[in-house]
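Presented below is the structure to which this report refers.
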Amino acid sequence: MSYITVKNLEVGYERKTITEPINFKVDKQDYLCIVGENGTGKSTLMKTLLGLIRPISGEITFGDGLKANEIGYLPQQTVVQRDFPASVKEIVLSGCQGRAGFRPFYNKEEKMLAKENMERMGIGQLADHCYRELSGGQQQRVLLARALCATRKVLLLDEPVSGLDPKVTAEMYDLIKNLNSEGITVIMISHDIAAAVKYATHILHIGNNIFYGSRDEYLESDEGKFFLSNREEGKKNAG
Amino acid sequence: MLDKLFTYLQHPIVVKALIVGVLISLCSSLFGVTLVLKRYSFIGDGLSHVAFGAIAIATVFNLTNNMLLVLPVTVICAVLLLKTGQNTKIKGDAAIAMISVGALALGYLIMNVFSTSANISGDVCSTLFGSTSILTLSTTEVVLCIVLSVVVIAIFILFYNKIFAVTFDENFSKASGVRANAYNFLIAVVIAVIIVLAMNLVGSLLISALIIFPALSAMRLFNSFRSVTVFSAVFAVICSLLGLIISILAGTPVGSTIVAADVVAFLICCIIGIAVKNRASSH
Ligand SMILES: Nc1ncnc2c1ncn2[C@@H]1O[C@H](COP(=O)(O)OP(=O)(O)OP(=O)(O)O)[C@@H](O)[C@H]1O
Ligand SMILES: [Mg+2]
């Protein structure tokens with residue numbers, strides 16, 4: 001059985017659907033990229049997968065030992081207020097809150113986990129820094145470390161590289177790819193189709209037509225061909 | 001001067017006032033940080049006006065123990081207000097303003113139409129600005145206040161990590177299996193209790209000050225949630241002690257004196273904050 005199976009899922013707000021029915025499944029160690037234009041419902045789909053919004057119809061089933069709260073999430077925009085006083089350590093630790101359950105304080109294991117994940121994301125030396133004074137790329141790493149504290153299995157990333165410069169973007173992609181090869185399943189929303197085609201094993205395209213398939217199938221599909229032809233043209237124009 | 005203070009401190013009334021004053025400021029400041037960060041700074045104002053309206057109704061019906069009406073009504077409003085949170089049509093601040101103004105007007109209207117007391121504006125004034133009622137506290141009231149404060153502080157400490165997680169990022173918390181709605185509900189109930197308690201001390205108009213000033217001052221100086229929380233608790237205790245002592249010695253109104261102390265301390269924190277930043281950037 002797959003980690004996540006989605007059948008005829010329609011998502012939307014206040015009973016109004018914004019997508020066609022979506023079907024896909026995510027297996028262990030998949031790297032699924034969700035692509036599509038602005039406003040087609042990618043973030044909404046992700047929030048529905050996380051249980052933040054109710055699906056309008058269809059079903060989502062979790063299997064293969066994955067529980068609904070064993071998912072790490074990196075939001076598209078964290079509505080963190082600019083003046084929120086919080087240290088990097090406090091934020092990363094808060095990722096352990098789900099596993100702490102009713103226990104009021106974090107135990108040694110959780111503190112270790114937070115420390116490990118900060119090291120893993122290369123922000124160990126920033127532990128006592130204030131989150132709001134970090135650069136965009138550093139902030140993304142903090143949130144990724146927090147997401148890693150919440151899961152050992154699946155990461156849901158909503159545009160993790162938006163607003164980052166090309167160098168930091170490439171670093172971020174490498175980090176995510178490494179996590180994926182270490183065994184973590186990745187579901188990522190991205191507008192960067194070139195990167196999606198480069199890193200992903202599967203692609204879900206949301207728009208007027210829904211496409212789901214492996215990377216190679218996507219390159220053969222109409223949506224994929226459309227993108228590729230655009231890119232060639234773009235190259236010609238640029239050159 | 002000190003002699004005078006010591007003679008006053010012999011009076012059980014003064015001691016009671018000090019205990020109650022410090023405890024209430026402490027409780028408000030602890031949850032103040034969360035409220036300010038959730039953009040609910042004015043909830044103190046709003047809810048205290050609701051409590052004022054409820055007191056008016058209780059007075060009209062001659063309820064002997066008006067807490068029986070005031071507390072539940074305030075709790076319900078707190079829950080409704082904090083629920084409006086992110087996904088509703090009327091945003092938090094507008095909802096608070098609506099309820100606040102509505103309840104205040106209604107309360108005054110009811111008092112005016114039905115009250116048997118000759119001195120309506122006096123009654124209203126003391127409800128809004130805090131009478132000297134902190135100096136007329138009975139022992140039962142003091143004990144009740146101590147018990148509730150201990151409960152509030154215990155809840156805050158036990159749920160500290162959860163409150164942080166939910167305040168910092170509600171969606172992430174929900175996604176990782178934290179019962180964010182339950183904790184928001186808990187926060188709302190506790191806040192309602194604090195506000196009803198605090199009305200005795202500073203009156204409904206000045207409750208916001210007890211909630212906002214310690215948090216804002218701490219945020220000028222500190223960068224982590226923990227240090228901000230600790231500092232605002234210390235700030236609140238010192239300011240309310242100072243305010244109470246000054247008001248007793250100088251015979252000024254209790255509520256306004258405490259708030260004046262808060263304002264002065266806030267300005268000092270601002271200046272220190274700016275100085276520290278300048279030093280840091282000049283190095
Ligand atoms: N809270 C909301 N209530 C009602 N409608 C919403 C809400 N949030 C988003 N929408 C609508 O749902 C549609 C899909 O939004 P969504 O955020 O899922 O798009 P997206 O694919 O993530 O776009 P982007 O690439 O810009 O992030 C949009 O048309 C948007 O207007
Ligand atoms: Mg989006």
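The table below gives the values:
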| quantity | calculated |
| --- | --- |
| The protein assembly as shown - share of DSSP beta bridges that are antiparallel (%, nearest 5) | 50 percent |
| Relative contact order for chain B, counting Cα pairs under 8 Å that sit 6 or more residues apart, in percent | 31 percent |
| Under the Karplus curve 6.51 cos²θ - 1.76 cosθ + 1.60, θ = phi - 60°, whole-Hz ³J(HN,Hα) for region B:67-72, x wherever Gly or Pro sits | 4, 4, 8, 5, 5, x |
| Neighbouring partner chain Cβ atoms per residue of A:84-93, average, 10 Å criterion | 6 |
| Area hidden from solvent between B and A (accessible, protein heavy atoms only, 1.4 Å, total, Å²) | 2800 Å² |
| 5 angstrom amide H check on A:I34, placed H, neighbours 5+ away | A:M188, A:I189, A:S190, A:L204 |
| Per DSSP, loop trypsin sites (Lys or Arg not before Pro) in region A:57-155 with at most 14 further Cβ within 10 Å | A:K67, A:R82, A:R152 |
| Qualifying GluC sites (Glu not before Pro) in region A:128-221, DSSP loop, other Cβ atoms within 10 Å at most 16 | A:E182 |
| Between region A:46-60 and region B:252-276, the alpha-carbon center distance in angstrom | 48 Å |
| Cα centroid of region B:16-30 to Cα centroid of region A:114-160, whole Å | 38 Å |
| Of A:A100, A:A196, A:A150, the one that fluctuates the most in a GNM where chain A has Cα springs shorter than 10 Å | A:A100 |
| Percent carbon-and-sulfur accessible area, the protein assembly as shown, ignoring ligands, DNA and RNA, probe 1.4 Å | 61 percent |
| Partners for A:K108 among lysines (Cα-Cα distance below 16 Å; same-chain residues under 8 apart left out) | A:K89 |
| Cut-off under 5 Å, modelled amide H: who pairs with A:A86 long-range | A:Y131, A:R132, B:F225 |
| q = 0.18, 0.19 Å⁻¹: log10 I(q)/I(0) that the Debye formula gives for region A:1-135, counting C-alpha atoms only | -1.15, -1.18 |
| Using θ = phi - 60° and Karplus 6.51 cos²θ - 1.76 cosθ + 1.60, couplings along region A:142-158 (whole Hz; Gly, Pro as x) | 4, 5, 5, 4, 4, 4, 5, 5, 7, 8, 10, 10, 10, 10, 10, 10, 9 |
| For A:Y73, residues with placed amide H under 5 Å, excluding near neighbours | A:L156 |
| Calculated on alpha-carbon atoms, Rg and Dmax of region B:2-278 in Å | 18.8, 60 |
| Projected area averaged over orientations for chain A, convex hull of C-alpha atoms, nm² | 14.4 nm² |
| For q = 0.07, 0.09, 0.12 Å⁻¹, Debye-computed log10 I/I(0) when each Cα of the protein assembly as shown counts as one equal scatterer | -0.49, -0.75, -1.09 |
| Rounded to the nearest 20 debye, dipole of the protein assembly as shown from Cβ charges on Lys, Arg, Asp, Glu | 580 debye |
| Chain A: calculated mean residue ellipticity at 222 nm from DSSP helix runs of at least 4, using -39500 (n - 2.57) | -11500 deg cm²/dmol |
| D_trans [Stokes-Einstein, Kirkwood Rh over alpha-carbon pairs] for region B:208-283, 4 °C, 1.567 mPa s, µm² s⁻¹ | 100 µm²/s |
| Solvent-accessible area per residue, Å², over chain B with all protein chains present [probe radius 1.4 Å] | 46 Å² |
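The values are calculated or read from the model by the stated rules, or taken from the named source; none is laboratory data. Quantities reported herein were computed from a predicted structural model and do not represent experimental measurements. Glycine also receives a Cβ, built like all others from the backbone with ideal geometry; neighbour counts cover every protein chain displayed. SASA here: full protein model, heavy atoms, side chains in, ligands and nucleic acids out. Shrake-Rupley method; radii C 1.70, N 1.55, O 1.52, S 1.80 Å.
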